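Written below as structure tokens is the structure these notes are about.
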Amino acid sequence: MRKNRNIYVSIFDLYSDHEIGKELKAISEFLDVHPEFVDWVELDLRKKEAVDTGRQGLSSETVLRCALLKQHRQLSYQELAFHLSDSASFQAFARLPNTFFPKKSALQDTISRITATTWEQINRCLVNQAREERIESADTVRIDSTHSDSDVHEPTDSSLLWDSVRVMTRLLKQADKLPGVLMINFCNHTRVAKRRDHQILNTKAMGEDKVDLYDDLLKVTVTTLGYFNEAYTVVMKSCTNEKKKARWEGKFERFKPLILGVIDQTQRRVFGEETVPAEEKVFSLFEEHTDIIIKGNRKIQYGHKLNLSSGKSGLILDVVIEQGNPGDTDRLLPMLNRHIEIFDSPPRQVAADGGYASGANLQAAKELGVADMAFNKKRGLNIEDMVKSNWVYRKLKNFRAGIEGNISCLKRAYGLARCTWKGLDHFNAYIWSSVVSYNLSLMARLRPG
């Protein structure tokens, strides 16, 4: 990684005359006005120990701009590497030195180090800039909730047991190759586990046949877990490479509690006919932070719930990535308090989805200084208690509908529908990077000139 800004940039920025090229140029000009963004990114990049050998790396400025390009155009790292080598507009925006084209591994390593805190800081600065330019007043806001999926398959008990067997088998094979480890004795049950998973999936009713299949799959999983525990003892005693031993031990300690959780919930649900609470369930061995999201009669989702606030300009003023599946009624006041923290004053008017409606929330919002608090569904509340008049209520109700379009655009064009990055920290960073990319694109269109 090079220090801070790129000093090898040509004075000629070759942007295409296409609409996308013009938008990238406008975003680039906005970023040039805020060099502090690059300083914040550099702090994240320097958290990893620097290596003096090897090829000179990407500058902090280029890393930030490449991250924005990835989200703005919804590219994989492989696609981003190609476009950076192929497109003059991409090269100009990313401020790449001549003939220097990063590989996908370098892009992934650097972009993934930008934290959610840095992205949020950039977004707050962006929104404050919009207020200074009178693009957004943050005086009238709308609030709604949505969700973003984790990169997981639908978690059934049988598929999680199959995942457990194949993960343990993979780690057993790795343990067998560690320096100093003579032999790990185990039987590979992955084919049996996969077959049982498919048979359970194709057996409709939870009858005797399905229970027998689960019993067989559970026995295979428990047997493989026994091999896994024995391998741990062998590795700890005989592995001669401390670094590789510590790496394998870390994987063992990460996956074993999750596998035990999968076994426990299967025994309770299938054999004990018990309803396992959502907070006690394991939904993925790989994205263990995943929550179950249930909203009314809609399809069950697996990821995280999001609460967003938007202004008249369409800019996303704030987003909160929730843990668990809290009700909307419990999240209105935290969203309003965050707005006050960010902008030093309460919004004059707030329009929120009907799920946030309650008498307590209405009273608390009024006490915070909100003049008009309109809920999309009245839920027994009187219009005159919420707002000044029926006309104001209709205007705010129609205004609230606009956030559905903001959310739809974020999901379709900026990747908010499904996070493809691994781990909770990266999940949070992905969500915020999508929001920042969306806001920068909107700012480029809204700013005069």
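The values are calculated or read from the model by the stated rules, or taken from the named source; none is laboratory data. These figures come from a predicted structure and were not determined experimentally. For neighbour counting, all protein chains shown are included, and Cβ atoms are generated from backbone atoms with ideal geometry for every residue, glycine included. We work out accessible area using only protein heavy atoms, side chains counted, and drop any ligands, DNA or RNA first. Shrake-Rupley method; radii C 1.70, N 1.55, O 1.52, S 1.80 Å.
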*For residues in the stretch 236-245 being in a helix (DSSP H, G or I) and either touching a residue at least 24 places away in the same chain (Cβ under 8 Å) or of a type in the set (Val, Ile, Thr) (or both), which is farthest from residue 164 (Cα to Cα)?*
238
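Residue by residue, here is whether (1) touching a strand residue (DSSP E or B) at 6+ places or on another chain (Cβ under 8 Å); (2) without any contact (Cβ under 8 Å) to a residue 60 or more places away in the chain; (3) over 13 Å from residue 167 (Cα atoms) holds:
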residue: 189; (1), (2), (3): no, yes, no
residue: 199; (1), (2), (3): no, yes, yes
residue: 216; (1), (2), (3): no, yes, yes
residue: 219; (1), (2), (3): no, yes, yes
residue: 234; (1), (2), (3): no, yes, yes
residue: 247; (1), (2), (3): no, yes, yes
residue: 263; (1), (2), (3): no, no, yes
residue: 268; (1), (2), (3): no, yes, yes
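Mind telling me which of the residues 325, 376, 337 ends up being under 30 Å from residue 446 (Cβ atoms) and at pLDDT below 95?
Details: 325 fails: under 30 Å from residue 446 (Cβ atoms); 337 fails: at pLDDT below 95.
Going through 325, 376, 337 in turn, the sole match is 376.
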*Based on what the data block shows, is residue 432 outside any helix (DSSP H, G or I), open to solvent by less than 30 Å² (accessible area, probe 1.4 Å) and either touching a helix residue (DSSP H, G or I) at 6+ places or on another chain (Cβ under 8 Å) or among the hydrophobic types (A, V, I, L, M, F, W, C) (or both)?*
no
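Give the stretch 340-365 a look and list any residue that's more than 23 Å from residue 442 (Cα to Cα) and surrounded by 16 or more Cβ atoms within 10 Å (Cβ to Cβ), or say none.
346, 353, 355, 356, 357, 358, 361, 362, 364, 365
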*Tally the residues that are assigned to a helix (DSSP H, G or I), within 31 Å of the chain's Cα centre (by Cα) and either of a type in the set (Lys, Arg) or under 14 Å from residue 327 (Cα atoms) (or both), restricting the search to the stretch 343-371.*
4
_Can you pull out every residue in the stretch 111-167 that is among the acidic types (Asp, Glu) and under 26 Å from residue 418 (Cα atoms)?_
120, 144, 149, 151, 154, 157, 163
*Residues in the stretch 283-302: is at least one in a helix (DSSP H, G or I) and open to solvent by 40 Å² or more (accessible area, probe 1.4 Å)?*
no
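Being open to solvent by 30 Å² or more (accessible area, probe 1.4 Å), among the aromatic types (Phe, Trp, Tyr) and either assigned to a helix (DSSP H, G or I) or closer than 30 Å to residue 293 by Cβ (or both) is the requirement here; does residue 232 meet it?
Numbers: open to solvent by 30 Å² or more (accessible area, probe 1.4 Å): yes; among the aromatic types (Phe, Trp, Tyr): yes; either assigned to a helix (DSSP H, G or I) or closer than 30 Å to residue 293 by Cβ (or both): yes.
It is true that residue 232 is open to solvent by 30 Å² or more (accessible area, probe 1.4 Å), among the aromatic types (Phe, Trp, Tyr) and either assigned to a helix (DSSP H, G or I) or closer than 30 Å to residue 293 by Cβ (or both).
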_Considering only residues that are buried (at least 19 other Cβ atoms within 10 Å of the Cβ) and within 18 Å of the chain's Cα centre (by Cα), which ones fall in the stretch 303-322?_
303, 304, 305, 306, 307, 308, 309, 316, 317, 318, 319
*Scan the stretch 388-408 and report the pairs whose first residue is within 12 Å of residue 140 (Cβ to Cβ) and whose second residue is open to solvent by 50 Å² or more (accessible area, probe 1.4 Å) and not polar (S, T, N, Q), with Cβ atoms within less than 8 Å and a gap of 6+ or a chain change.*
399/312
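One line per residue, one yes/no per condition, for (1) at pLDDT 95 or above; (2) in a helix (DSSP H, G or I); (3) crowded, with 19+ Cβ neighbours inside 10 Å:
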residue: 162; (1), (2), (3): yes, yes, yes
residue: 170; (1), (2), (3): yes, yes, no
residue: 179; (1), (2), (3): no, no, no
residue: 183; (1), (2), (3): no, no, no
residue: 186; (1), (2), (3): no, no, yes
residue: 203; (1), (2), (3): no, no, no
residue: 220; (1), (2), (3): yes, yes, yes
residue: 224; (1), (2), (3): yes, yes, yes
residue: 252; (1), (2), (3): yes, yes, no
